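The structure under discussion appears below in the form of structure tokens.
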Amino acid sequence: MGYDIHRLVEGRHLVLGGIEIPFPKGLLGHSDADVLVHAACDAILGAAGLGDLGEHFPDSDPKYAGIYSLELLRQTVSMLSKHGWAVHNLDATVFAEKPKLSPYKQAMAAKLAMALEIDRRAVNIKATTAEKLGLIGQEEAMAAMCIVLIKSK
């Protein structure tokens with residue numbers, strides 16, 4: 001299982017699941033701050049006992065500044081493969097008050113499936129609000145949770 005949360009700020013592009021979504025705010029972070037992809041990376045690394053995102057791609061390393069998070073996911077899948085594993089499926093939930101993510105879920109799932117090297121039908125993305133509670137509910141942050149099943153190659 002993986003989890004990530006980032007603050008929403010003006011002056012940044014909103015990238016979720018590798019898709020740029022029109023919105024007046026974006027997620028703040030060292031990379032593109034794609035919470036969905038970061039949660040997926042952490043889920044994969046955890047399932048294989050390979051640590052976490054920060055160990056492999058530290059935010060203190062300038063080479064990851066502004067990086068497209070799908071590239072981190074591709075590198076994570078490569079690492080997984082070198083250890084004899086492959087992703088079998090992925091299920092994720094994005095927590096965001098706004099924007100409505102329904103129009104983007106299929107495109108996000110397709111992007112993730114390509115990076116994961118699995119069939120599109122093995123990727124499921126859901127979206128929910130925080131019912132106006134907390135940082136997410138006040139539109140100050142977005143978060144994602146992800147669970148993956150890995151299999152021996």
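Just so it is clear, none of the values below were taken in a lab; they were calculated from the coordinates. No experiment lies behind these values; they were computed from the predicted model shown. Don't worry about glycine lacking a Cβ; one is built from the backbone with ideal geometry, like all the others, and counts go over all protein chains shown.
Under the condition of being among the basic types (Lys, Arg) and surrounded by 15 or more Cβ atoms within 10 Å (Cβ to Cβ), which residue from the range 93-118 is nearest to Ala43 (Cα to Cα)?
This residue is Lys111.
Considering only the range 124-142, state which residues are on the phi < 0 side of the Ramachandran plot and either free of Cβ contacts under 8 Å to residues at least 12 places away in the same chain or not small (Gly, Ala, Ser) (or both).
Matches in the range 124-142: Asn124, Ile125, Lys126, Thr128, Thr129, Leu133, Leu135, Ile136, Gln138, Glu140, Met142.
Just one of the numbered conditions (1) crowded, with 16+ Cβ neighbours inside 10 Å; (2) more than 20 Å from Arg120 (Cα to Cα) is not true of Glu55; which one?
Checking Glu55 against (1) crowded, with 16+ Cβ neighbours inside 10 Å; (2) more than 20 Å from Arg120 (Cα to Cα), the one that fails is (1).
For residues that are out of contact with any strand residue (DSSP E or B) (no Cβ under 9 Å at 6 or more places or on another chain) and touching a residue at least 40 places away in the same chain (Cβ under 8 Å), scanning just the range 71-92, find the one that is surrounded by the most Cβ atoms within 10 Å (Cβ to Cβ).
This residue is Leu73.
Met108: part of a helix (DSSP H, G or I), over 14 Å from His38 (Cα atoms), touching a residue at least 24 places away in the same chain (Cβ under 8 Å) and not aromatic (Phe, Trp, Tyr), yes or no?
no
Yes/no matrix, rows are residues, columns are (1) in contact (Cβ under 8 Å) with a residue 24 or more places away in the chain; (2) closer than 22 Å to Lys126 by Cβ:
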site	(1), (2)
Asp4	yes, yes
Ile21	yes, yes
Leu28	no, no
Asp32	yes, yes
Ala40	yes, yes
Leu50	yes, no
Ser69	yes, yes
Ser102	yes, yes
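Does the range 1-32 hold any residues that are surrounded by 17 or more Cβ atoms within 10 Å (Cβ to Cβ) and among the charged types (D, E, K, R), and which are they?
Asp4, Arg12, Lys25, Asp32, listed by residue number.
Looking at His30, His38, His13 in this structure, which one is within 15 Å of Ala143 (Cβ to Cβ), of a type outside the set (S, T, N, Q) and in contact with an Asp or Glu (Cβ under 8 Å, 6 or more places away or on another chain)?
On inspection, the qualifying residue turns out to be His38.
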